[in-house]
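Just so it is clear, none of the values below were taken in a lab; they were calculated from the coordinates. Keep in mind that this is a model prediction, so the values were computed, not measured. Glycine also receives a Cβ, built like all others from the backbone with ideal geometry; neighbour counts cover every protein chain displayed.
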Amino acid sequence: MAVCNVLLGLGPVAGVVALHAGEPTAGRTLTRYLCAVLIASALAFAASFPRLWRGALGQGLPPALALPAAAVL
């Protein structure tokens, strides 16, 4: 499961790289989609394991902050 989380976390990074490499549509799509996936998985994690809310916050807060920033850019 840890490898899956790492790969999901690298997805928005790949989106930013694609955005700066001259592929704005692919970059924005990757960034927005994978940020939304990470937020949804953090919410599911918090609902499944309420005692581990700090881990869910650590998983969901960065993409929750990046998603509105990606919408503006």
Given the conditions (1) small (Gly, Ala, Ser); (2) within 9 Å of the chain's Cα centre (by Cα); (3) outside any helix (DSSP H, G or I), every one holds for Ala66 apart from (3)
Kindly indicate whether Ala18 is surrounded by fewer than 16 Cβ atoms within 10 Å (Cβ to Cβ) and part of a helix (DSSP H, G or I).
no
Regarding the stretch 22-41, can at least one residue be identified that is over 16 Å from the mean Cα position of the chain (by Cα) and either buried (at least 17 other Cβ atoms within 10 Å of the Cβ) or assigned to a helix (DSSP H, G or I) (or both)?
yes
